[in-house]
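The values are calculated or read from the model by the stated rules, or taken from the named source; none is laboratory data. Please read these numbers as outputs of a predicted model, since none were measured by experiment. Because the Cβ atoms are built from the backbone with ideal geometry, glycine has one as well, and the counts that use them run over all protein chains shown. Note: areas computed on protein heavy atoms with side chains; ligands, DNA, RNA excluded. Shrake-Rupley method; radii C 1.70, N 1.55, O 1.52, S 1.80 Å.
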Amino acid sequence: MYLNEENLMVQVVSKENMTKAYKKMVANKGSAGVDEITVTEVLDELWDKWDTIKPQLLKGEYEPQPVKRVEIPKPDGGKRKLGIPTVMDRIIQQAIAQVISPIYEETFSDNSYGFRIGRSQHQAIEKAKGYVEKGDTVVLTAGVPLGRPGQTNLIKADIVE
């Protein structure tokens with residue numbers, strides 16, 4: 001199937017899709033980003049700036065705001081770095097995901113669990129346990145580079161006995 005990028009972006013910025021993305025983002029709550037605009041404040045901001053943001057998105061010229069960096073405690077006592085996009089950028093991310101997820105989701109293997117709608121690492125572990133119980137003895141973990149400097153591919157095979 002040929003995907004027309006322009007047509008996809010028209011779907012992304014449609015009022016229906018943006019409203020759905022806004023409602024989903026509100027339901028998820030979350031903290032304000034670097035602009036300090038909260039979930040409860042963003043609706044006015046979105047519609048005030050929409051005449052500027054929409055054409056930028058359609059032309060591929062939209063620039064997301066920097067991500068707010070925070071550290072959250074880990075159960076072991078350490079800290080984990082977390083990036084918090086602005087609420088506006090999270091709405092836009094959600095709107096894009098709502099349009100493209102149904103397209104690429106159908107191409108994934110049934111055995112794929114990473115970053116999948118309705119799937120989790122816990123389900124992947126349970127599936128792997130089932131294979132071990134069946135007698136399968138090789139577990140393959142694979143990762144794809146995101147193109148960041150110094151990032152390496154991850155291909156690892158472990159023998160499970």
Among the residues of the stretch 21-55 satisfying the criterion of being farther than 22 Å from ILE84 by Cβ and at pLDDT 90 or above, which is surrounded by the most Cβ atoms within 10 Å (Cβ to Cβ)?
-> LYS54
Some residue of the stretch 66-79 being in contact (Cβ under 8 Å) with a residue 24 or more places away in the chain, assigned to a helix (DSSP H, G or I) and open to solvent by 60 Å² or more (accessible area, probe 1.4 Å) = no
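Could you say whether any residue in the stretch 105-115 is at pLDDT 85 or above, part of a helix (DSSP H, G or I), closer than 30 Å to ALA21 by Cβ and open to solvent by less than 100 Å² (accessible area, probe 1.4 Å)?
No, the conditions are met nowhere in the stretch 105-115.
If you take the residues of the stretch 19-65 that are part of a helix (DSSP H, G or I) and hydroxyl-bearing (Ser, Thr, Tyr), which of them is nearest to the chain's Cα centre (by Cα)?
TYR22
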